[in-house]
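Taking it in order: structure first as structure tokens, then the write-up.
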């Protein structure tokens with residue numbers, strides 16, 4: 001069993017202890033696993049300001065530990081394309097919850113309502129909102145019991161908080177979704193110096 005860890009967990013829950021937590025998981029045979037999209041979301045400027053030193057440190061830690069740059073590889077990277085059925089599952093999730101992002105009429109409506117600006121829509125990461133989270137759900141679904149998802153995200157769909165990826169999709173198919181505190185307790189990190 002592996003833990004599919006979402007961007008927000010690295011940025012806010014374990015950013016000062018990434019190696020310790022990843023090493024513990026590796027030793028327990030429950031590796032931290034990410035996708036390339038999660039790694040991209042960690043890049044400074046994607047979510048956090050590029051000049052934020054902590055953002056740079058977090059990205060560098062995850063990159064180095066997933067690529068073995070310094071001779072230590074304790075974070076796995078999986079690709080949606082390499083897991084049978086995951087790419088199709090991802091397509092279904094994105095169509096169901098995010099197809100509105102390509103509907104020009106609806107986007108104009110959102111702009112007119114002040115829900116989003118034209119500048120926001122023009123950003124390179126606009127159509128990729130929540131993509132990492134969707135990939136984690138797709139992988140966990142098709143791999144059946146191989147992965148558990150770790151996220152502090154509440155599952156609310158961007159600009160549509162009444163829709164929830166976890167309530168409307170993941171829970172209905174029996175995926176296990178842990179928040180970072182639950183996960184750290186499960187792996188034996190909570191309360192320890194890590």
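Since every read-out is calculated from the coordinates, none of them should be taken as a lab result. This is a predicted model, so every value here is computed, not measured. Glycine also receives a Cβ, built like all others from the backbone with ideal geometry; neighbour counts cover every protein chain displayed.
Below is a table of values for the structure above.
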{"quantity": "Sequence ranges 71-80, 156-165, ranked by mean other-Cβ count within 10 angstrom, highest first", "calculated": "71-80, 156-165"}
{"quantity": "Overall form of segment 46-152 per C-alpha gyration tensor (a/c, 1.5; a/b vs b/c)", "calculated": "oblate"}
{"quantity": "Difference of contour (0.36 nm per residue) and Cα-Cα distance, residue 27 to residue 52", "calculated": "5.9 nm"}
{"quantity": "Difference of contour (0.36 nm per residue) and Cα-Cα distance, residue 70 to residue 182", "calculated": "37.3 nm"}
{"quantity": "Full-stretch length increase - residue 115, residue 12 - with 0.36 nm per residue and alpha-carbon distance subtracted", "calculated": "34.5 nm"}
{"quantity": "Paramagnetic reach from residue 158 in segment 75-92 [backbone N under 17 Å; point 7 Å along Cα→Cβ]", "calculated": "90-92"}
{"quantity": "Over segment 90-194, equivalent-ellipsoid semi-axes from the Cα gyration tensor in Å", "calculated": "31, 17, 11"}
{"quantity": "For the chain, convex hull volume per residue from C-alpha positions, Å³", "calculated": "128"}
{"quantity": "Percent of beta bridges antiparallel (DSSP, segment 2-187, rounded to nearest 5)", "calculated": "15"}
